[in-house]
Amino acid sequence: MIDLIIVGGGPAGLAAACKAWESGLRDILIIERDKELGGILNQCIHNGFGLHRFNEQLTGPEYAGKFEAMLADTGVKVWLDTMVLDVTPDKKVCCVSKERGYQVLQAKSIILGMGCRERTRGAIGIPGTRPAGIYTAGAAQRYANMEGYLVGKRVLILGSGDIGLIMARRMTLEGAKVLACVEVMPYSGGLTRNIVQCLNDFDIPLYLSHTIVDIQGKNRVEKAIVAEVGPDRKPIPGTEMEFDCDCILLSVGLIPENELTRQAGIEMDPHTKGAVVYENMETSIPGVFACGNVLQVHDLVDFVSAESERAGESAAAYVKHGETKPGKVLTLQTGADVGYTVPQRIRVENVEKAVSISFRVRRNIGVSAIKVTCGDQVLASYKRERMAPGEMEHIAMPRVLLDKAAGDTLTVSVEEA
């Protein structure tokens, strides 16, 4: 029996493993399906990583390298090129590899850190023909940064997620002409800094409240028709624009990679598309934890590391001391302009000083206050100058305030000034 099995060797798995080792566990195994550790960071050669975690600007591979160096100082075992096929409710992990064949491993605790995947053209149903030259932004990023291929010379980007914005700059630097970035929502889905550094600095136009209504081309993309959309997100006739392009990149959202989570029978959150977790990142199955982009799609990898370290520490505590006594449990629910919260439940007796609550707002908001209420009782208020859907918000809820909650439900909402 293995003390801790971590599924995924990306930024979440690396941080969780290092923290679990630091917390006293000595029998830890990371299972990674790729041929190397680091996950998505390996193809993110731009800088901007590590400002919160290491107080310096790092590229993705450099950030991963720091954690790999920390891991090398431990006795954590790593199985690469190994695919996890199933995780069972009794904490068995079924995996297969060329080197070891099919194996069933029994774990005392498990951390799920499988990351996320991109939405494809099929997921959003863009009309038109089906020619070559249509890629997700992440696939194009891998081709450009790791395989050495330029996927197109006249590029149109649909969606303004961070990967799409970063690829607008990357394709420009590689000599391609990025015609525009088109976003169906009235606001960008990416970080403000990426809009400035990747679009504005290269004079790439951003069309908000627009979408692609037709793709034309026989063997390869030749044209894309873009139209403005109304508040109902339906195209407005007469607003069409024509773009001559040979490549379309899709940056239309990320989906947590939760097939294993669902197979295990873990309770899921319809808003995050990830697991429902307690304050220590534990799922509805005792001893099984989730962290990183498999739990909620993050904007900064630094926050993935912080969340995953919490999961690693909690898994170590579970192996040493067993299940957490439930005591009083507070359920978090969303109020005005809040899309979701993580965690979704808080076991008050398990909180020492404070619990960190993450969430995203549903729209761009100016000067406002984040309110945490229990019925008519206002427990806490946090001021903000601005908030945007593309940027994750974090608040620390002190234990002393949790103890004051008169009911068993907390509501997190935003009140604009």
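The values are calculated or read from the model by the stated rules, or taken from the named source; none is laboratory data. As the structure is a prediction and not an experimental result, all values here were calculated from the model. Glycine also receives a Cβ, built like all others from the backbone with ideal geometry; neighbour counts cover every protein chain displayed. Calculation scope for accessible area: heavy atoms of the full protein, side chains included, ligands and nucleic acids excluded. Shrake-Rupley method; radii C 1.70, N 1.55, O 1.52, S 1.80 Å.
Some points to look at:
- Counted without the sites themselves, the longest stretch of the chain free of chymotrypsin sites (Phe, Trp or Tyr not before Pro) in a DSSP loop having at most 15 other beta carbon atoms within 10 Å is 188-417.
- Inter-centroid distance (Cα atoms) of segment 138-165 relative to segment 168-230, Å: 11
- By the Stokes-Einstein formula, at 0.692 mPa s and 37 °C, segment 69-152 with its Kirkwood radius over alpha-carbon pairs has D equal to 193 µm²/s.
- Computed Kirkwood radius, in angstrom, where 1/r is averaged over Cα pairs of segment 21-129: 16.6
- Under 5 Å, built H, 5+ apart or other chain: amide partners of K177: R154, V155
- Electrostatic dipole magnitude of segment 1-88 [Cβ: Lys, Arg +1; Asp, Glu -1; Cα centre; debye, to 20]: 120
- Virtual paramagnetic centre 7 Å along Cα→Cβ of S356, amide N under 20 Å, in segment 256-278: 256, 272-278
- For segment 1-66, the Rg and Dmax computed from alpha carbons only, in angstrom: 12.9, 41
- For segment 138-229, the alpha-carbon coordinates run over 36, 35, 20 Å along the three principal axes, in decreasing order.
- Amide H to amide H distances under 5 Å link D214 with I225, where only residues 5 or more positions off or on other chains count and H is placed in the peptide plane.
- Under the convention that each Lys and Arg Cβ holds +1 and each Asp and Glu Cβ holds -1, the size of the dipole of segment 314-417 around its Cα centre is about 200 debye.
- The portion of the accessible surface of segment 285-326 made up by carbon and sulfur, rounded to a whole percent, is 53 (1.4 Å probe; DNA, RNA and ligands excluded).
- Residues in segment 211-231 that a label on T129 would reach, taking backbone N under 15 Å of a point 7 Å out along Cα→Cβ: 214-225
- Cβ charges +1 (Lys, Arg) and -1 (Asp, Glu), total dipole of the chain, debye: 400
- Cleavage-rule hits, GluC sites (Glu not before Pro), segment 326-417, DSSP coil, Cβ neighbours within 10 Å at most 13: E352, E385
- Once the mean of 1/r is taken over each pair of separate Cα atoms and inverted, segment 259-309 shows a Kirkwood hydrodynamic radius of 11.1 Å.
- Shown for segment 256-388 is the translational diffusion coefficient from the Stokes-Einstein equation, using the Kirkwood radius over Cα pairs, a temperature of 37 °C and a viscosity of 0.692 mPa s: 208 µm²/s.
- Cα-based Rg and Dmax for the chain, where Dmax is the largest Cα-Cα distance (Å): 22.3, 66
- Vicinal HN-Hα couplings computed from phi for segment 284-297 (Karplus, 6.51 cos²θ - 1.76 cosθ + 1.60; Hz; Gly/Pro x): 5, 9, x, x, 10, 10, 9, 7, x, 6, 6, 9, 7, 6
- Normalised size of segment 221-313, defined as Cα radius of gyration per 2.2 N^0.38 Å with N residues, equals 1.59.
- Per-bin percent of Cα-Cα distances, segment 344-417 [10 Å]: 19, 51, 26, 4
- The trypsin sites (Lys or Arg not before Pro) found in segment 322-369 that occupy coil by DSSP, while having at most 16 further C-beta atoms within 10 Å, are K328, K353, R362, R363.
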